[in-house]
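Nothing in this text is a laboratory measurement; each read-out follows from the coordinates by a stated rule. Bear in mind that the values here come from a model prediction, so they are computed numbers and not experimental data. Positions of Cβ are generated from backbone atoms using ideal geometry, with glycine treated the same way; all protein chains shown enter the neighbour counts.
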Amino acid sequence: MPLRRYSLPEMWRLWSEEEKFRTWARVEWAVAKAQEELGIIPKVGLSESLRKLIEDEDFWRDVPRKVEERERVYDHDVLAFLGVIEESLERGGNYLHFGMTSSDVVDTANALRLREALLLIKEKLKGLSEVLYEKADRYRYTPVMGRTHGVFAQPTTFGLKFLGFYSEALRNLKRLDDAIEEVSYGKISGAVGNYALNPPEVEERALSLLGLKVEPVSTQIVPRDRFAFALNVLSLIGAFLERLALEIRLSARTETGEMQEPFRKGQRGSSAMPHKRNPIRSERLTGIARLLRGWALAENESIALWHERDISHSSVERFTLPDATTTLHYALNLATSVVKGLVINEDRARENMERFGDFYLSSVLLMLLTKHGASRDRAYEWVKEVSQRAYDRGTSIYEEALKHQEIAKLIPEKELREGLNVDFNRYVDVIFGRFKG
């Protein structure tokens, strides 16, 4: 199980030992019900007895302890589980797990829990996407210097920054839907997937009762590319959160100061330096993204197994499935709270834009010169010269261009002044128009 520190109650319950065994029992119930309806086993009350057990909340609290005690003897968790359940049934216990293999239960139950986990994650991602769009719309026209390589490039807006994250969230929601579809398959096809002891009709009926689809060709297990696909999608969502967190962290630096994480009353930033307001939540999101990539890699390694299967994937998935889903679910909730409470320092953004002058108009000046007949290569050299001089001296690129002999020959003063008066963000509404808030 993942750290309780990085989990929320609903996901923690889903991956609890109690819920694991209860989900295993649901699979056993569905198979027993199908077998009874198809006449594979006599109607001696097995499915009804299982149903009553599944609905008994008090019963499952002690099941993990009982299973653990038996597992010390059996060294096999499914057999230990079956022993505990059989002795607890009112009727029909001798037909429990009839013609089944362990992976029929474990893989089908994992599909049920993983699907539910992905649905919980989807709700959190939808919530974050809505908060991102709200921030984007609120700061749609608020200017900030755009940077490439960490260096001033050209003006953009805070709104466009957040809109970019919103767009990525939408792409991840689509990927998540694909992952939910991908994992919604079970199997009741027996030891090597050829229905030697139970006909395909049992599988079809049982999985229908559980709301899952039939794996078209299984071995002893559901093919692991399905789970790996889901874990890779979770890793991509983690990378999205990391990109968002990195933007906040870079913008929160003292010398930049354009964004700041919410800082609660009573919160403290450093054991040694009381003045500190560190972007700890964004840094936590960055660390979680690293973990998600690691879990995805481990699941990718579980695709290739010996023949119809070995058991090397089992130990991996006891970590990857609960840890990745629980931690990402928590991270999405954390990111939403950070974005909601984010402090946008508009004055500081404006100061930063004005502090070094308007040397970033170099692209505009380059275009003006080429329109007036200068070769691009020669014009580039002139603009590089005047823009760097403007930066070094704290003057405007307009002033320096007027002093440049070759530029002054090509462009009249009035035309130069008007030509450099450019609204870099004039198409903001066009970009926003591609989305519906």
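Working from the pairwise distances between different alpha carbons, so that the mean of 1/r is found and then inverted, what is segment 102-350's Kirkwood radius in Å? In segment 102-350 this quantity evaluates to 20.2 Å.
Annotation: extensible slack from ARG426 through ARG5 equals 147.0 nm (criterion: 0.36 nm per residue apart, minus Cα-Cα distance).
Restriction of the GluC sites (Glu not before Pro) in segment 289-391 to DSSP coil positions whose beta-carbon has at most 11 other beta-carbons within 10 angstrom yields no sites. The trypsin sites (Lys or Arg not before Pro) of segment 64-152 that DSSP puts in a loop, and whose beta carbon has at most 16 other beta carbons within 10 Å, are ARG91. Please check which bits of segment 44-78 a label hung off SER16 would reach, taking the label as a point 7 Å along Cα-to-C-beta and the cut-off as backbone N under 14 Å. The answer is 56-65.
Entry for segment 186-247 at q = 0.12, 0.21 Å⁻¹: log10 I(q)/I(0) = -0.45, -0.80, Debye formula applied to identical alpha-carbon scatterers, no solvent contribution. Hey, quick one: spin label on LYS436, modelled 7 Å out along Cα-Cβ, who in segment 172-216 has an amide N within reach, i.e. under 15 Å? None, by backbone N distance to the label point. The orientation-averaged projected area of the convex hull spanned by the Cα atoms of segment 359-419 comes to 3.4 nm². Ranked by the mean number of other Cβ atoms within 10 Å of their residues, highest first, the peptides 251-257, 155-161, 99-105 come out as 99-105, 155-161, 251-257. Rounded to the nearest 10 degrees, the angle from helix 362-371 to the longest Cα principal axis of the chain is 60 degrees. With axes computed from alpha carbons, what is the tilt in degrees of helix 17-37 against the longest principal axis of the chain, rounded to the nearest 10 within 0 to 90? Value to nearest ten degrees: 60.
Computed on segment 71-230, the Cα convex hull volume stands at 181 Å³ per residue. Straight-line cross-link reach from LYS213 at under 17 Å between alpha-carbon atoms covers these aspartates and glutamates, not counting any fewer than eight positions away in the same chain: GLU28, ASP104, ASP107, GLU116, ASP177, ASP178, GLU181, GLU182, GLU201, GLU203, GLU204, ASP225.
Relative to one another, the C-alpha centroids of segment 354-402 and segment 21-46 are positioned 78 Å apart. Counting DSSP beta bridges with both partners in segment 102-350, what percentage is antiparallel, nearest 5? The antiparallel fraction comes to roughly 80 percent.
Net length available on complete extension from ARG65 to PHE319 is 89.4 nm, with 0.36 nm assigned per residue and the Cα-Cα distance removed. Taking one quarter of the surface of the convex hull spanned by the alpha-carbon atoms of segment 4-95 gives a direction-averaged projected area of 6.7 nm². With 0.36 nm allotted per residue and the present C-alpha distance subtracted, the THR370-VAL192 stretch has 57.0 nm of extension available. Contact order for segment 102-350, expressed relative to its length and based on alpha carbon pairs under 8 Å spaced 6+ residues apart, stands at 24 percent. How far apart, in nm, are the 7 Å Cα→Cβ label points at ALA239 and GLU255? Distance between the two pseudo-spin positions: 3.0 nm. Taken one residue at a time, the phi angles of segment 294-310 give Karplus couplings (6.51, -1.76, 1.60, θ = phi - 60°) of x, 5, 5, 4, 4, 6, 4, 5, 8, 6, 8, 10, 5, 6, 6, 2, 10 Hz. Gly and Pro are set to x. Per residue of the chain, the DSSP helices (runs of n ≥ 4 H) give a summed -39500 (n - 2.57) that works out to -21000 deg cm²/dmol at 222 nm. In the chain, taking the dipole from charged Cβ atoms about the Cα centre, the farthest positive-side position among LEU8, LEU410, LEU96 is held by LEU410. From the alpha carbon centroid of segment 157-227 to that of segment 405-436 is 51 Å.
For segment 380-435, the list of chymotrypsin sites (Phe, Trp or Tyr not before Pro) that fall in a loop by DSSP and count at most 11 other C-beta atoms within 10 angstrom reads TYR427. Working value for the chain: equivalent-ellipsoid semi-axes of 62, 23, 17 Å, each the square root of 5 times a Cα gyration tensor eigenvalue, largest first. Near the amide H of THR157, within less than 5 Å, lie the amide hydrogens of VAL144, all on another chain or at least 5 residues away, with H placed in the peptide plane.
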